[in-house]
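**Q** Okay, handing you the structure first.
The values are calculated or read from the model by the stated rules, or taken from the named source; none is laboratory data. From a predicted model like this one, the values you see are computed outputs, not experimental measurements. Every residue, glycine as well, gets a Cβ built from its backbone with ideal geometry; the counts of neighbours run over all protein chains shown.
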Amino acid sequence: MYGLDINFLKDREVRVFDAKPRARGGGATVVGDRRPLYIGLAAALIPLALVGGYWAVTRGQVNQLQVRSTELDAESAALQSQLQEISGIQQQIDLVRAENNAFVTVFNDIIPWSALLQDIRTRTPARVQIVSLNQTEGAPLEVDPADPNVAASPPAGGLTIEGVSCSYDAINDFALVLQRSPLLQSQTVAITQAQQQPSLLDPQTQGRCPGAAVDDPDFLIDYGIGANITDTPASQLIDELERQGTVGLVTRLRALRERGVIE
């Protein structure tokens, strides 16, 4: 028997196989196109750039604010120093004002006795004679309703006048005239005593009352009058003090008024 050996590969036509890639995901992607990569990279870098720019701007503003804060601190320190200097000057001014006020108060509270004596002398009636004039603490002022147990004495004090008069009417006239004195508190002028002497006036040794008849002797009357000295500031009594001859005090008060220390 014979065997048949046939070689099909020998007679086969050689063909070139062109392999093509399969499309995935429903579409073909061109090899070498990097635009999506660049787009993604740009999309990632843009926020970073924005954040970096914002940080740089903010940092610059912070630096500017720190510089301004340092400048303001320096200005504040300078202002504090000036304020302390001003405060020291103000304290000196207040001290000088206090000294001036104390100085003015001394003059304002003074009613010279020379002015008082001259004023009383010019107001004394012809039928009244003054024997003595003394300074006192003065009559108590009106009671304070808030504290009725305390009666304060007047700051300027008071005075008492004692003497003799030819009649009761002359004593009353004297008291009324004293009430019109600007150097006394009119509401405090009062007759404290008025008593007739037991014996007649002796014309040979004691003389006669003005206007009395030669053969008509009079009884003398011992009297006393009390009053408070005015509490009106002397600066408001310049004209009256000048009329009474208190030249020195008036000159000082006018000088203080010209300087504006008193009104």
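**Q** So residue 206 passes all but one of these: (1) within 24 Å of residue 134 (Cβ to Cβ); (2) of a type outside the set (A, V, I, L, M); (3) at pLDDT 85 or above. Which condition number does it fail?
**A** Checking residue 206 against (1) within 24 Å of residue 134 (Cβ to Cβ); (2) of a type outside the set (A, V, I, L, M); (3) at pLDDT 85 or above, the one that fails is (3).
**Q** Go through the stretch 154-210 residue by residue and tally those that are acidic (Asp, Glu) and crowded, with 16+ Cβ neighbours inside 10 Å.
**A** 2
**Q** Please enumerate the residues belonging to the stretch 216-241 that are among the acidic types (Asp, Glu) and either touching a strand residue (DSSP E or B) at 6+ places or on another chain (Cβ under 6 Å) or under 23 Å from residue 115 (Cβ atoms) (or both).
**A** 222, 231, 239, 240
**Q** For the stretch 142-180, which positions are of a type in the set (S, T, N, Q), at pLDDT below 95 and more than 35 Å from the chain's Cα centre (by Cα)?
**A** 165, 167
**Q** Any residue that is at pLDDT below 80, under 60 Å from the mean Cα position of the chain (by Cα) and surrounded by 10 or more Cβ atoms within 10 Å (Cβ to Cβ) - is there at least one of those in the stretch 44-51?
**A** Checking the stretch 44-51: at least one residue is at pLDDT below 80, under 60 Å from the mean Cα position of the chain (by Cα) and surrounded by 10 or more Cβ atoms within 10 Å (Cβ to Cβ).
**Q** Give the residue that is farthest from the chain's Cα centre (by Cα), with candidates limited to residues of the stretch 212-243 that are more than 11 Å from residue 111 (Cα to Cα) and among the polar types (S, T, N, Q).
**A** Restricting to residues being more than 11 Å from residue 111 (Cα to Cα) and among the polar types (S, T, N, Q), the top hit is 228.
**Q** Would you please name the residue that is farthest from residue 190 (Cα to Cα), looking only at residues in the stretch 223-239 that are in contact with a helix residue (DSSP H, G or I) (Cβ under 8 Å, 6 or more places away or on another chain) and not hydroxyl-bearing (Ser, Thr, Tyr)?
**A** 238
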